[in-house]
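The next block holds one structure in the form of structure tokens; read it before the comments.
The values are calculated or read from the model by the stated rules, or taken from the named source; none is laboratory data. Keep in mind that this is a model prediction, so the values were computed, not measured. Virtual Cβ from ideal backbone geometry, glycine too; neighbours counted across all protein chains shown.
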Amino acid sequence: MEQMRDASLDLLVDLARPTSHDAVLDYATGAGMAGFTVAPDVATVEAADELPDLLEEGKRLATELGLVNVAFTLVDLYSLPYKDGAFTLVVCQNALHLLPDPATALAELQRVLSAGGRIVLLDPVVDEETDKAFNEIARLREPAHRRHYRSDELDDIVRRAGLTVRQRGTLRRTIDLDYWLQAAAVPPPKADLIRGRFKILPVEVQARMDVAFSDRSVSFSYDVAGLRLEQA
């Protein structure tokens, strides 16, 4: 498990503060890493997504890791098949930027959140300097990508969903470009296009993203925002 996690998962745990009494929803779970991270410390984890292939991969990994308290469910992310107040903790890692209507999604998460429960969101964020360039590159990498938001935009989405930010955390993540492309199964021609885009980024954007070139490798950095949300 340790070799599969990144520093953002430590931030998730710090914000979530999971307990043995928690019933957890891992929303838009992907392959399940956020849910897997808290699973040893909580009662149950419901890993929900709209993509069957990712759920199957999550089931395989959960079995491999021996996590018996994690269940996987195919859902409509905007109309979850759970009762009001079903979960004491909701986690959502690296998914908000893929959602066409994040405020509506958060409102649905509020519906399934129990009184006194909390929602923890983790997602990359941009600033005025990196907004256009990083979003264009992210969209090339992953066609489903909608938008990496600025921090003020995230706050507005939270407000429109009727939630309140109770705690914040941030971290700076540095990543190898080839790894980032492979993680999204980017085909070689498009990968070459993206590498070329990094080379022609404006100097001020390269500086803000800590872009570094070494032989044939490229690395860059971006910010990850963590928000602990509660009902307003």
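Condition test on LEU229, is it at pLDDT 95 or above and either outside any helix (DSSP H, G or I) or of a type in the set (Asp, Glu) (or both)?
yes
I'd like to check something: does the range 186-206 contain any residue that is within 15 Å of the chain's Cα centre (by Cα) and at negative phi?
No: zero hits.
Examine the range 122-131 for a residue that is surrounded by 15 or more Cβ atoms within 10 Å (Cβ to Cβ), in a helix (DSSP H, G or I), of a type in the set (S, T, N, Q) and in contact (Cβ under 8 Å) with a residue 24 or more places away in the chain, and state whether such a residue exists.
no
Could you please let me know if THR88 is of a type in the set (Ser, Thr, Tyr), at pLDDT 95 or above, in contact with an Asp or Glu (Cβ under 7 Å, 6 or more places away or on another chain) and surrounded by 17 or more Cβ atoms within 10 Å (Cβ to Cβ)?
yes
If you go through the range 132-157 one residue at a time, how many are over 18 Å from the mean Cα position of the chain (by Cα) and either modelled with pLDDT under 95 or not in a helix (DSSP H, G or I) (or both)?
Looking only at that region, the number is 0.
Mind checking which residues of the range 180-219 are under 30 Å from ARG17 (Cα atoms) and at pLDDT 95 or above?
If the condition is that a residue be under 30 Å from ARG17 (Cα atoms) and at pLDDT 95 or above, then TRP180 is the only one that fits.
Among (1) over 15 Å from ALA138 (Cβ atoms); (2) surrounded by 14 or more Cβ atoms within 10 Å (Cβ to Cβ), which single condition is VAL186 missing?
Tallying (1) over 15 Å from ALA138 (Cβ atoms); (2) surrounded by 14 or more Cβ atoms within 10 Å (Cβ to Cβ), VAL186 fails exactly one: (1).
Take the range 68-96 and flag every residue that is within 15 Å of THR29 (Cα to Cα) and of a type in the set (A, V, I, L, M).
VAL70, ALA71, LEU74, VAL75, LEU77, LEU80, LEU89, VAL90, VAL91, ALA95, LEU96
Does GLN167 satisfy the condition of being surrounded by fewer than 12 Cβ atoms within 10 Å (Cβ to Cβ), under 28 Å from LEU12 (Cα atoms), polar (S, T, N, Q) and within 20 Å of the chain's Cα centre (by Cα)?
For GLN167, the condition - surrounded by fewer than 12 Cβ atoms within 10 Å (Cβ to Cβ), under 28 Å from LEU12 (Cα atoms), polar (S, T, N, Q) and within 20 Å of the chain's Cα centre (by Cα) - is not met.
Residue by residue through the range 92-105, note down the ones that are out of contact with any Pro (no Cβ under 9 Å at 6 or more places or on another chain), buried (at least 24 other Cβ atoms within 10 Å of the Cβ) and either of a type in the set (A, V, I, L, M) or touching a residue at least 60 places away in the same chain (Cβ under 8 Å) (or both).
The answer is CYS92, GLN93.
Residues to consider are ASP10, ASP26, ASP53; find the one that is in a helix (DSSP H, G or I), under 16 Å from LEU74 (Cα atoms) and of a type in the set (D, E, K, R).
ASP53
Output yes when any residue across the range 19-35 is in contact with a Leu (Cβ under 8 Å, 6 or more places away or on another chain), over 26 Å from ASP101 (Cβ atoms) and hydrophobic (A, V, I, L, M, F, W, C), and no when none is.
Taking every residue of the range 19-35 in turn, none turns out to be in contact with a Leu (Cβ under 8 Å, 6 or more places away or on another chain), over 26 Å from ASP101 (Cβ atoms) and hydrophobic (A, V, I, L, M, F, W, C).
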